[in-house]
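Below: one structure, written as structure tokens.
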Amino acid sequence: MKYHFTGKQWWILLLIFSGTLINAIDRSSLATASPYIAQELHLDMSTMGLILSSFGWTYLLCNLPSGWLVDRFGAKRVYGWAATLWSVACAMTGLARNVSTLLVSRTLVGIGESANFPVATKVVREHFATTERGLATGIYLAGLRLGYAVTPGLMAWLMLTFGSDTRPDWQSAFLATGLGGLGFVLIWLATYQEHAPLTPKPTSPTASTRILLKHRNTWAILIIKFLQDYLYYLYLTWLPMYFVTERHLSLTSVAFYATIPWIAGMIAQPLAGLTSDFFISRGHSPTKIKKFILIITQLVAASVIFAAFVESVHTAAILLIIAMAAESASAAILWTLPQDIAPEKLTGRLGGLMNTAGAAAAIVSPILTGLVAEMAGFAAALTLGGVCMLISVLTIAFLLGPIRPIGHS
């Protein structure tokens, strides 16, 4: 099919792509620095897992309020507030000298970043037609994977630039990445324009949540999101530590091996959206196409299990790359579902509700991965991530129903 995005639409995509990219850098920078933070502050794996999960505590609590705020006050204002908060909070991580200050800074990052996907979901719903949303969603989501791809190399470069091989300066690296995000805030506020007038008296957060939770498809996408994000946060929070402790790689090698899976994911997401749009535009059922893509990609993502048991670091890396590309493609399709399912005035709230399920995984996955890795090894921890993908496939097959707006027969 041919896309006819206007210049304004491309600029909007660039804005939410860039915001999502910066969001990813500030979210994932802790994972790259974690081996050196743990060493300097004398933290064991369980404690580091707690710190890595702390982002998810407030991320979990704030997604629903963020979705309501987006529907109430619009994407422009809410994203401006949110991006300012998470950028400053990320910079604060560089000032941390103990567990308590690390926990405070990361929970503030979680508050700010909770608005990213409700905003992006709302923006795509308002500015793009149904047959354009797969590609549009895949493009802005690719910003997340690109952010994760550049973060290991960027953080390694900053830590070595401000420090040395023997003492990487993680504090200065956080200050640089956090404060750098404020430039995006200025561009967003100066150039983004709301598409639709705001609803004067929106449904209350509690009432709108009840409306959504009455429907089977809402519960299906919440379960799928949690299970998919379990593997996603395993990668995000523990992949660098896995390569350092299990594969005994240097900081430079870790930056390389931890980057490639996210590049693969960045490429896979627009392709998945493009594939979905192509078949739907030719009259195929959105339900059949999207469920088929979700099932196939998540089955491939379960191949992370095999990466746990191969001896060669290169073979393990290839399997991890394939699994992350598949998980990313699945995420591109999954994020179109709130745009398809939610009533028009509840799009931001369903996006927030869905991301709340992902935030629960952001808490559970880092902690459980750390505990399992400490007690049974990283092979068991990676296997558990693959099993989550297999359970998600069953949820897609047997719980997710016809993909159409809530309230339509």
Checklist outcome for this item: For region 220-308, listing trypsin sites (Lys or Arg not before Pro) in a DSSP loop whose Cβ sees at most 16 other Cβ atoms within 10 Å gives ARG247, ARG282
Checklist entry - How large is the dipole of region 73-204 about the Cα centre if only Lys and Arg carry +1 and Asp and Glu carry -1, each at its Cβ, rounded to the nearest 20 debye? => result 280 debye
Checklist outcome for this item: Contour minus Cα-Cα span, PHE73 to SER172, at 0.36 nm per residue, comes to 32.1 nm
Next on the checklist: Taking all protein chains in place and a 1.4 Å probe, what share, in percent, of the accessible surface of region 134-201 do carbon and sulfur account for?
Outcome noted: 67 percent
Item to check | Modelled FRET efficiency - R0 25 Å, GLU374 with GLU40, Cβ distances, 0.05 increments | outcome: 0.80
Checklist entry - Just from its helices, what would the mean residue ellipticity at 222 nm be for the chain, if runs of 4 or more DSSP H residues each count -39500 (n - 2.57) and the sum is divided by every residue, rounded to the nearest 500 deg cm²/dmol? => result -27500 deg cm²/dmol
Next on the checklist: Students often check this: by mean Cβ neighbours within 10 Å, which of 250-258, 324-332 ranks highest, and how do the rest follow?
Outcome noted: 324-332, 250-258
Checklist outcome for this item: In debye to the nearest 20, the charge dipole size for the chain, taken about the Cα centre with +1 at each Lys and Arg Cβ and -1 at each Asp and Glu Cβ, equals 1440 debye
Checklist entry - Considering only MET48, ILE391, TYR233, whose Cα is most displaced toward the positive end of the charge dipole of the chain, charges sitting on Cβ of Lys, Arg (+1) and Asp, Glu (-1)? => result ILE391
Checklist outcome for this item: Here the Cα Rg-to-2.2 N^0.38 Å ratio for region 286-409 is 1.20
Item to check | Qualifying aspartates and glutamates (Cα of each under 16 Å from Cα of LYS76; at least 8 residues distant if same chain) | outcome: GLU113, GLU126, GLU194
Checklist outcome for this item: Of the residues ILE363, LEU350, ALA373, the Cα lying farthest along the dipole of region 286-409 towards its positive end, which is defined by charges on the beta carbon of Lys, Arg, Asp and Glu, belongs to LEU350
Checklist entry - DSSP H helices in the chain with Cα extent of 20 Å or more along the helix axis and mean Kyte-Doolittle hydropathy at least -0.5? => result 7-41, 45-73, 75-93, 99-113, 133-162, 216-245, 251-281, 286-301, 313-334, 347-376, 378-398
Item to check | Label point at LEU179 placed 7 Å out along Cα→Cβ; residues across region 22-53 whose backbone nitrogen lies under 18 Å | outcome: 26
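The values are calculated or read from the model by the stated rules, or taken from the named source; none is laboratory data. The structure presented is a predicted model; accordingly, all values stated were derived computationally and were not measured. Using ideal geometry, Cβ is built from the backbone for each residue, glycine included, and neighbour counts are taken over all protein chains shown. For the accessible areas, the whole protein counts, side chains as well, though only heavy atoms, and no ligand, DNA or RNA atoms are used. Shrake-Rupley method; radii C 1.70, N 1.55, O 1.52, S 1.80 Å.
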